[in-house]
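The values are calculated or read from the model by the stated rules, or taken from the named source; none is laboratory data. All of these numbers come straight from a predicted model, not from anything done at the bench. Note that we place each Cβ from the backbone using ideal geometry, even for glycine, and neighbour counts take in every protein chain shown. Heads up: the accessible areas ignore ligands, DNA and RNA and are worked out on the full protein's heavy atoms, side chains in. Shrake-Rupley method; radii C 1.70, N 1.55, O 1.52, S 1.80 Å.
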Amino acid sequence: MVWQRHSRELMNKQRREFIIGAGRGILTLSALPYLQGCDDVTRRPAPTAAGDKKIADFLGTDLSAIIYLASLAPSGHNTQPWVIKINTPHDWVIGSEKRRWLPAVDPYNHELLLSIGAFLENLVTAANHYGYQVNYRVIARSPHDAELLDVQLQKDKPVAFEIDKITKRRTLRNGYLQRELTVQDFTYITDGAPDIHYIPKDSKSANYLAEGTLEANRTQASRDAAQEELANWIRWSSKDAAKYRNGLTPASMEIEGVAGWYVQHFFNRDSVLKQSFRKTGVEKVAQQVRQGAGWLMMTSNGADIAALLETGRRFERMLLRLRDKMIAVHPMTQMLEEEPWRSDVSKELGLNQPVRFILRTGYRSSYPDPVSLRIPPSWFVTRPLTR
């Protein structure tokens, strides 16, 4: 009996040490980026649900492909908050779904609007490629309005674009090389945009961002509302990944091998709320903020709906150029979500406009394809029953 009790205690100790080791080695959940990859359980090259076929029958192959490509945009916790109401095949309304908002970390829906902007950029780029001109106008008065944009598509000459840039966009957090970005590569990925700023590693500003990001992560990890919101969007099991088609998975969080198998089978929502889990996340952030080439900062010209949407569009344009130069970005938004950093960061960095993205950046020696969960278009598109 004594030996059996000792054996059980030893097994429990080994199990705890395994979890803690996995957490210290790869879990970074309190520092999850704004952009997320996902699990390959539902990552397909094109929509396959029955409802998606009905949309294709109604809109035609090209217009349905445009919607799918738009939906490959990034979003906080990979909630994919966008919805489309199709009035006619060429008259759409883009909005957001309240159940996919993140009120604990994004109470003003500013990050949501940036996501919708990225969605819009993909939509415009894909539409141009398939021979459509896109005209849109903001119809929302508040970031919390359900309907945000009226979109009109008009047939036009195709503008050739490498669609693989959209389908292969991915966020990567690990494996950053320790060399600074070259001027040529920075100019290429930003296309000369004046609102994107590079802060090289080991500079005074880079140290401020590293320390601030770590402390903001610690603050956010201690906020139960923020941690509970995070817990709601993690799909630990393949069953949940297939059921929801959004959120974060072990694959998207780059938890691989034995540790990936373990968390997939033994972790759940309650695991995220434990103090040990929060602590290991912060410890991982402490390692990450000192890795890579430094930081990219992106500002916006104002805080109104139109300005945030346009900033999201420019952000996505940059993301679609990263793989060409083997550059990755890891958005770390906690300084923009927690005080006092949210109020201080622009001033501390000498920027005259509000910061919208804080991105850890670096070169990669390899660039794996995305594994992101994606909601089928039929889940976020509403259409008339008949033409």
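Multiply the residue gap between LYS279 and ALA242 by 0.36 nm, knock off their C-alpha separation, and tell me the result in nm, one decimal place.
Values: separation 37, 0.36 × 37 = 13.32 nm, distance 2.93 nm.
My answer for the length gained is 10.4 nm.
Can you tell me how much longer the chain between ASP324 and GLU97 gets when fully stretched, taken as 0.36 nm per residue apart minus their C-alpha distance, in nm with one decimal?
Working: separation 227, 0.36 × 227 = 81.72 nm, distance 3.33 nm.
My answer for the length gained is 78.4 nm.
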Report ³J(HN,Hα) in whole Hz for each residue of region 190-201, in order, from the Karplus equation J = 6.51 cos²θ - 1.76 cosθ + 1.60 where θ = phi - 60°; Gly and Pro get x. 8, 6, x, 4, x, 9, 10, 10, 9, 10, x, 4
List every residue whose amide H lies under 5 Å from the amide H of THR249, counting only residues 5 or more places away in sequence or on a different chain, with H placed 1.01 Å from N in the peptide plane. ASP39, ARG235
Angle check, please: helix 275-288 long axis (alpha carbons) against the longest principal axis of the chain (alpha carbons), in degrees 0 to 90, nearest 10. 70 degrees
Fully extended, how many nm does the chain gain between GLU256 and GLU339 (0.36 nm per residue separation, minus their Cα-Cα distance)? 26.5 nm
Quick P(r) readout (region 263-387; Cα-Cα; 10 Å bins; whole %) gives 9, 27, 33, 24, 6, 1
Report, in degrees rounded to the nearest 10, the 0 to 90 angle that the Cα long axis of helix 61-70 makes with the longest principal axis of the chain. 40 degrees
Enumerate the calculated ³J(HN,Hα) couplings along region 173-179 in order (Karplus 6.51 cos²θ - 1.76 cosθ + 1.60, θ = phi - 60°), each rounded to whole Hz, writing x wherever the residue is Gly or Pro. 10, 10, x, 6, 7, 9, 10
Between THR167 and ILE139, with labels modelled 7 Å along Cα→Cβ, what's the label distance in nm to one decimal, could you check? 3.2 nm
Förster radius 56 Å - calculated FRET efficiency between THR88 and ARG179, Cβ distance, rounded to 0.05: 0.60
Which FRET efficiency value, to the nearest 0.05, do you get for THR187 and ALA286 by plugging their Cβ-Cβ distance into 1/(1 + (r/R0)^6) with R0 = 22 Å? 0.10
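Give, rounded to the nearest 20 debye, the magnitude of the charge dipole that the chain has about its Cα centre when Lys and Arg contribute +1 at Cβ and Asp and Glu contribute -1 at Cβ.
Numbers: 52 positive and 43 negative charges, 218 e Å.
Rounded to the nearest 20 debye, it is 1040 debye.
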Over region 161-205, equivalent-ellipsoid semi-axes from the Cα gyration tensor in Å: 23, 16, 9
Compactness relative to 2.2 N^0.38 Å, alpha carbon Rg of region 269-321: 1.70
Heads up, I need the accessible area for THR167: 1.4 angstrom probe, whole protein in place, Å², nearest 10. 40 Å²
How large is log10 I(q)/I(0) at q = 0.22 Å⁻¹ when the Debye formula is applied to the Cα atoms of region 165-273, each weighted equally and without solvent? -1.22
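Using the eigenvalues of the Cα gyration tensor, what equivalent ellipsoid semi-axes result for region 192-332 when each is taken as the square root of five times the eigenvalue, whole Å, largest first? Let's see the in-between values first.
Values: eigenvalues 172, 77, 56 Å².
Values for region 192-332, descending: 29, 20, 17 Å.
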Helix 257-266 axis, angle to the chain major axis (alpha carbon atoms, nearest 10°): 90 degrees
Output the Cα-based Rg and Dmax of region 100-152 in Å, rounding Rg to one decimal and Dmax to a whole number. 12.8, 40
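Please state the shape class of region 111-239: rounded when a/c is under 1.5, otherwise prolate if a/b exceeds b/c and oblate if not, all from the C-alpha gyration tensor. Kindly include the intermediate steps, with their values, before the conclusion.
On the way: a/c = 1.92, a/b = 1.30, b/c = 1.47.
Verdict is oblate for region 111-239.
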Give the Rg (one decimal place) followed by the Dmax (whole number) of region 88-182, computed from C-alpha coordinates and expressed in Å. 16.8, 51
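Where in region 117-196 are there chymotrypsin sites (Phe, Trp or Tyr not before Pro) that are in a DSSP coil and have at most 16 other Cβ atoms within 10 angstrom of their Cβ?
Values: sites: PHE119, TYR130, TYR132, TYR136, PHE161, TYR176, PHE186, TYR188; in loops: TYR130, PHE161, TYR176.
Passing sites in region 117-196 are PHE161.
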Residues GLN152 and LYS204, FRET efficiency given R0 of 41 Å [Cβ-Cβ distance, rounded to 0.05]: 0.30
Expressed in angstrom and ordered largest first, the alpha-carbon extents of region 315-387 along the principal axes are 56, 34, 19
Roughly how compact is the chain, stated as its Cα Rg over 2.2 N^0.38 Å to two decimals? 1.00
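Using Stokes-Einstein with the Kirkwood hydrodynamic radius over Cα pairs, what translational diffusion coefficient do you get for region 49-114 at 10 °C and a viscosity of 1.306 mPa s, in µm²/s rounded to a whole number? Working shown, then result.
Values: Rh = 13.2 Å.
Rounded, D is 120 µm²/s.
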